[in-house]
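The values are calculated or read from the model by the stated rules, or taken from the named source; none is laboratory data. This is a predicted model, so every value here is computed, not measured. Don't worry about glycine lacking a Cβ; one is built from the backbone with ideal geometry, like all the others, and counts go over all protein chains shown. Accessible surface areas use protein heavy atoms only, side chains included; no ligands, DNA or RNA. Shrake-Rupley method; radii C 1.70, N 1.55, O 1.52, S 1.80 Å.
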Amino acid sequence: MTGVGNALRFTRGLRFRLAFSYVFFFTILLVALGLVFRQTLSSILENQMLDTLKEEFGAVKLYLRTDAPDWWLFDKNDPDESFTVERLRRVFMLADTAGHPLQWSLTYKSIGLDPPEDIQAILKSGTPATRIRRDSQGTPYMIHSGLMVDQDGHKYYLAIGRAIDQNAKVIHDFTWNYFWLVPAVIVLSGVLGWFLAGRALNPVNSVAETAQRITHSNLDMQIPSRRTGDELDRLIEAFNHMMTRLNCSFEQIRQFSTDVSHELRTPLTVVRGQLEVALFTAQTVEQYREAMANALEDVDRLSNIVRALLMLSQAESGQLLLQKTQLDFAELLRDQVDQYQIPAEAQGVELTAELPPACIIYGDKIQIERLVSNLLGNAIKYTPSGGRVMARLNGEAGWAKLTVEDTGVGISPDHLPHIFDRFYRVPSADPEKGLGLGLSFVSWIVKAHGGVVNVESELHKGTRFMVSLPAGPVELDFHESPALPVSEQVH
């Protein structure tokens, strides 16, 4: 059973089927060509023989004389004429118009003299006739017959012929030699087809071998392109793109798991510590209340982290679809600035804006509001009392350009490339001022709208965020939603 199963798997393999198809069609082609060549050769030999008989039919009229003693008039001392006449009357028959034989050769008699009714029918038709006949030993002869008129105007029936057994032998030898070589050619073509099929399927085997070697630790594996632009190159390209998407998905899962374990560990430890301290040391109701209040604050922080992480995960996986509509960016920014006036005043920061009367973009209002809120909120948080925050919006060459500039603490060049990374916070910043997710949202929202975000900063002097969004609709494939930024994506 194992041998049968292996044989079935072998015959069902793509390489075997390709090679078999190649050999099968090549065999049909060889057989068809052989039959065509055989028929062509037969026709050529037959036409050559017929032309020869027609020439000899005309030559007979030069030597055949009904008034001569032996019916043939030629110079017997001339070897050429003697040879020609002997050749002409080797297979011939002469009869009158009534069909009565007058002269014939022994060879023609062995073939069989033409009956009177056949002779009269040929003479009556006025057209020479050609036919194949066999003698008593089975040798084939081509016979050409028709009307002959002598010098005196008398009409006769003349038939001459030649053996065509050599023609038949040539055709037989050709057929035998050709079809004897066909199996050898088929075997060679099978070997060649097997080799070519294996070579053509090497990329497919590479894909299969690569797929078998893939584990969770090497999802970045790629198959080199052959750069031929054929179907197999497109298969390799599709496989590599699939592996890239899988790698991104697994990276997102790993990142999510890392973020959850990293960001939830500290708050959970704090909650546990507070509850344990309250359990073992608290003696009054107020002490228990204080411990529970502190634990609730940390639980709220945990809830905020979980909500933010879930939203980021949805954004990465394409589940957070944008609900784009036409909206006035200037009016939205004006509302956000008004909302942040109170926290800015409480911080002692001057918040101003330079806005055009209107600036129309095509975007998701909720996400654009989150983008503006994060930028303004960060600018106010990290600007000391007495500082300024400026929001500026203008339209330029089909783009809506938003600039949020502050005179805050600034960001050092070492930390600037990482500020869009999730949970990244500048070490010198107050750890209580955020989760480190706001700028990650900013970068994702900008890219999801087909825009770009740039940042400039100088330590102790301030920071400038510049966001450019298209003024018209932008089509993006949200099945491949923009990945959340890493440090290399900071422009």
Beyond 16 Å, what share of the Cα-Cα pairs of the range 82-184 remains, rounded to the nearest whole percent? 63 percent
Taking all protein chains in place and a 1.4 Å probe, what share, in percent, of the accessible surface of the range 122-169 do carbon and sulfur account for? 48 percent
If amide H atoms are modeled at 1.01 Å from N in the peptide plane, then the residues at a separation of 5 or more from residue 353, or on another chain, having amide H under 5 Å from its own are 391
Full extension between residue 202 and residue 136 adds, at 0.36 nm per residue less the Cα distance, a length in nm of 17.2 nm
For peptides 192-198, 441-447, sequence by mean Cβ density within 10 Å, most packed first: 441-447, 192-198
With θ set to phi - 60°, apply the Karplus curve 6.51 cos²θ - 1.76 cosθ + 1.60 along the range 327-335 and write out the HN-Hα couplings as whole Hz, x wherever there is a Gly or Pro. 9, 8, 5, 5, 5, 4, 5, 4, 5
With a sphere of radius 13 Å drawn around the Cβ of residue 461, what net charge do the other residues whose Cβ falls strictly inside it have (Lys, Arg +1; Asp, Glu -1)? -2
Whole-Hz Karplus couplings 3J(HN,Hα) for the range 27-32, θ = phi - 60° and coefficients 6.51, -1.76, 1.60, Gly and Pro as x, run 5, 4, 5, 5, 5, 5
The range 1-127 accessible area per residue, 1.4 Å probe, protein heavy atoms, integer Å², reads 65 Å²
Highest average packing first - 68-77, 14-23, Cβ atoms within 10 Å: 14-23, 68-77
Between residue 72 and residues 5 or more places away or on another chain, the pairs with built amide H atoms under 5 Å apart involve 65
Long-range share for the range 134-253, i.e. C-alpha pairs more than 19 Å apart as a percent of all pairs, stands at 73 percent
With every protein chain present, what accessible area does residue 242 have (1.4 Å probe, heavy atoms only), rounded to the nearest 10 Å²? 70 Å²
With +1 on the Cβ of every Lys and Arg and -1 on the Cβ of every Asp and Glu, the dipole magnitude of the range 118-229 about its Cα centre, in debye rounded to the nearest 20, is 220 debye
Amide H within-cut-off set for residue 400, under 5 Å, with H built and near neighbours excluded: 469, 471
Please report, as a whole percent, how much of the solvent-accessible surface of the range 12-115 comes from carbon and sulfur atoms (probe radius 1.4 Å). 60 percent
Using θ = phi - 60° and the Karplus form 6.51 cos²θ - 1.76 cosθ + 1.60, what ³J(HN,Hα) does each residue of the range 401-418 get, whole Hz, x for Gly and Pro? 10, 9, 10, 10, 10, 10, 10, x, 6, x, 10, 6, x, 5, 9, 4, x, 10
